[in-house]
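> Please see the structure below; I have some questions.
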Amino acid sequence: MAASMRHALSLQILAECSTTKARTCKMQLPHQLVDTPVFMPVGTQGTMKGVTCHQLEELNCQLILGNTYHLGMRPGPETLEKAGGLHNFMNWKRGLLTDSGGFQMVSLLELAEITEEGVRFQSPYTKEELLLTPERSIEIQNSIGADIIMQLDDVVHSLTTGPRVEEAMHRSIRWLDRCIKAHQKPEKQNLFAIVQGGLDEQLRIQCAKEMVKRDTPGYAIGGLSGGEEKDKFWRMVTLSTDYLPKNKPRYCMGVGYAVDLVVCCALGVDMFDCVFPTRTARFGSALVAGGQLQLKHSQYAKDFRPIDEDCTCFTCRKHTRAYLHSIWNYGTVACQLLSIHNIAFQMRLMRNIRESILEDRFPAFIRDYMKKAYPNKEYPDWIVNSLRSVNVELEKS
């Protein structure tokens, strides 16, 4: 059932890697021209924990994510309508994506009951019941006014097997049709379909083919990053990008570790999101090319270097590891400083990936990056196998 609609999104492919499936694009959204591959920091409640909108702009974040389930609870769609949408409410002028609320089927499963009608939640705030249907999810997201909105999909944990996975896949297709019908602002907001199917290749292929028939402005790869084996994870990602159209953005949901970002870009993904950079900051961890620095550890008490000598973020320009070690558990200041650095790290990584694709040296970038991440060259098999599938060989020790 091919749908014909005018989309509020255009994608210009600037360059494609001659070796891998990676590409770099310009994605025009109503509020922002976005460079891809792009990483989206997560601002669950209409705010990034520890980081202001102005600081996000200074870090050159072009696109951030908000959570429909939580925003639908607080402040609620009526307030957001009166404010003229979340962009106005939080004073964010750039790109905004909202998820559908469906992920809470997994994360708050003890509070949820899933039927064909929708998902019945018990609010963790008030304990009252909320029925989230595809129509209600879209209604809330229309009130929020994000540039990209997500269909409500039937999410099952990535380790689930058996008939439930196929049931969820077919229901996600049916719910997409209901979301398309309910969508009131297709000329202003871009509704993305979400490919489900668990770790079953045939279900993934079937779902991708059906979603593509609906001709949505973009497509997400859902139901992964939930603790499944990495070797199965990457195979589902590359299978999905094989079946998704080249002229639409491809979004792998919930991916944020640096090596995962590098690999998934090689497999043809354009968009990513994860709470990881800001969440790990709250526990005293700073992201660097080799992994993480646990600044709460005593070895940094007299280390007067910045987190990263090559980083130009505010935190690295102004503060030392020793200072951050001394304040890491004193609340909001350390959280803000480490969040700024961690987001800056993600932004710089994605910028370097884009530049290497544009200059057709992405395979060399991958090899250099993996050497930094694994100095002893003991690369995990899943990384070796995934990169080999796109013609990049890593030398193992």
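> Please arrange VAL275, VAL333 by accessible surface area, largest first, computed with a 1.4 Å probe and ligands excluded.
The ordering from most to least exposed comes out as VAL333, VAL275.
> Here is a further query. Using the heavy atoms of the protein chains alone and a 1.4 angstrom probe, what is the accessible area of the chain per residue in square angstrom?
That works out to 42 Å² for each residue.
> Sort segment 113-176 into rounded, prolate or oblate with this rule: let a ≥ b ≥ c be the square roots of the eigenvalues of the Cα gyration tensor; rounded if a/c is under 1.5, and if a/c is not under 1.5, prolate when a/b is larger than b/c, oblate otherwise.
Oblate shape, in that a/c is at least 1.5 and b/c is the bigger or equal ratio.
> Dimensions of segment 294-397 along principal axes (Cα, Å, largest first)?
47, 30, 21
> Still on this structure, I have one more. I need the calculated FRET efficiency for the pair ASN91 and TYR243, taking r as the beta carbon distance and R₀ as 30 Å, to the nearest 0.05.
After rounding to 0.05, the efficiency reads 0.15.
> So what is Rg over Rh here for segment 7-80, counting just Cα atoms and using Kirkwood for Rh?
Result for segment 7-80 is an Rg/Rh of 1.07.
> Here's something else I'd like to know. Report the extension gain between ASP200 and LYS318 in nm, rounded to one decimal, defined as 0.36 nm multiplied by the number of residues separating them, less their alpha carbon distance.
The ASP200-LYS318 span can extend by a further 37.6 nm.
> Take the Cα radius of gyration of segment 241-329 and divide it by 2.2 N^0.38 Å, with N its residue count; two decimals is plenty.
1.38
> Please enumerate, by chain and number, the aspartates and glutamates with C-alpha under 13 Å from the C-alpha of LYS127, excluding those fewer than 8 residues away in the same chain.
GLU110
> Another one. State the extension gain, in nm to one decimal, for the chain segment bounded by GLU129 and ASP177, taking 0.36 nm per residue of separation less the distance between their alpha-carbons.
14.8 nm
> If you place +1 on the Cβ of every Lys and Arg and -1 on the Cβ of every Asp and Glu, how big does the dipole about the Cα centre of the chain come out, in debye to the nearest 20?
Charge dipole of the chain: 900 debye, to the nearest 20.
> Please compute the contact order of segment 221-281 in relative form: average sequence separation of alpha-carbon pairs under 8 Å and at least six residues apart, divided by the residue count, as a percent.
It comes to 35 percent, rounded to a whole number.
> Measuring from a point 7 Å past the Cα of LEU159 along Cα-to-C-beta, which residues in segment 198-225 have an amide N at less than 19 Å?
198-200, 223-225
> Something else about it: Name all residues of segment 160-193 having a backbone nitrogen under 19 Å from the label point set 7 Å from the Cα of GLU116 along its Cα→Cβ direction, giving them as ranges.
Inside the label zone: 163-182.
> Just name one of PHE233, GLY290, TYR257: the one whose Cα is farthest towards the positive end of the charge dipole of segment 149-292 (beta-carbon charges, Lys/Arg +1, Asp/Glu -1).
Highest projection toward the positive end goes to TYR257.
> If packing is taken as the average number of other Cβ atoms within 10 Å across a peptide's residues, how do 343-350, 146-153 rank, most packed first?
So the peptides 343-350, 146-153, ranked by packing, come out 146-153, 343-350.
> Hey, another quick one. If packing is taken as the mean number of other Cβ atoms within 10 Å per residue, what is the order of 67-80, 206-219, 309-322, highest first?
Highest to lowest by the protection proxy: 206-219, 67-80, 309-322.
> Let me ask another. Between ASP368 and GLN292, what's the calculated FRET efficiency when r is the beta-carbon distance and R0 is 22 Å? Round to 0.05.
0.70
> Which percent of the accessible area of segment 115-172 is formed by carbon and sulfur heavy atoms (probe 1.4 angstrom)?
Percent of accessible area from carbon and sulfur atoms in segment 115-172: 52.
> In percent, what relative contact order does segment 249-366 have, based on Cα pairs under 8 Å that are 6 or more apart in sequence?
Normalised by residue count, the contact order of segment 249-366 is 24 percent.
> When only C-alpha pairs under 8 Å and at least 6 residues apart count, what is the relative contact order of the chain, in percent?
Relative contact order, the chain: 18 percent.
> Hey, in the chain, which Cys have no second cysteine's beta-carbon closer than 4.7 Å?
Lacking a cysteine Cβ partner under 4.7 Å: CYS17, CYS25, CYS53, CYS61, CYS179, CYS207, CYS252, CYS264, CYS265, CYS274, CYS313, CYS335.
> If the chain between TYR330 and GLN45 were fully stretched, how many nm would it gain, using 0.36 nm times the residue separation less the Cα-Cα distance?
Taking TYR330 through GLN45 to full extension adds about 100.3 nm, to one decimal.
The values are calculated or read from the model by the stated rules, or taken from the named source; none is laboratory data. From a predicted model like this one, the values you see are computed outputs, not experimental measurements. Neighbour counts run over all protein chains shown; Cβ positions are idealised from the backbone, glycine included. We work out accessible area using only protein heavy atoms, side chains counted, and drop any ligands, DNA or RNA first. Shrake-Rupley method; radii C 1.70, N 1.55, O 1.52, S 1.80 Å.
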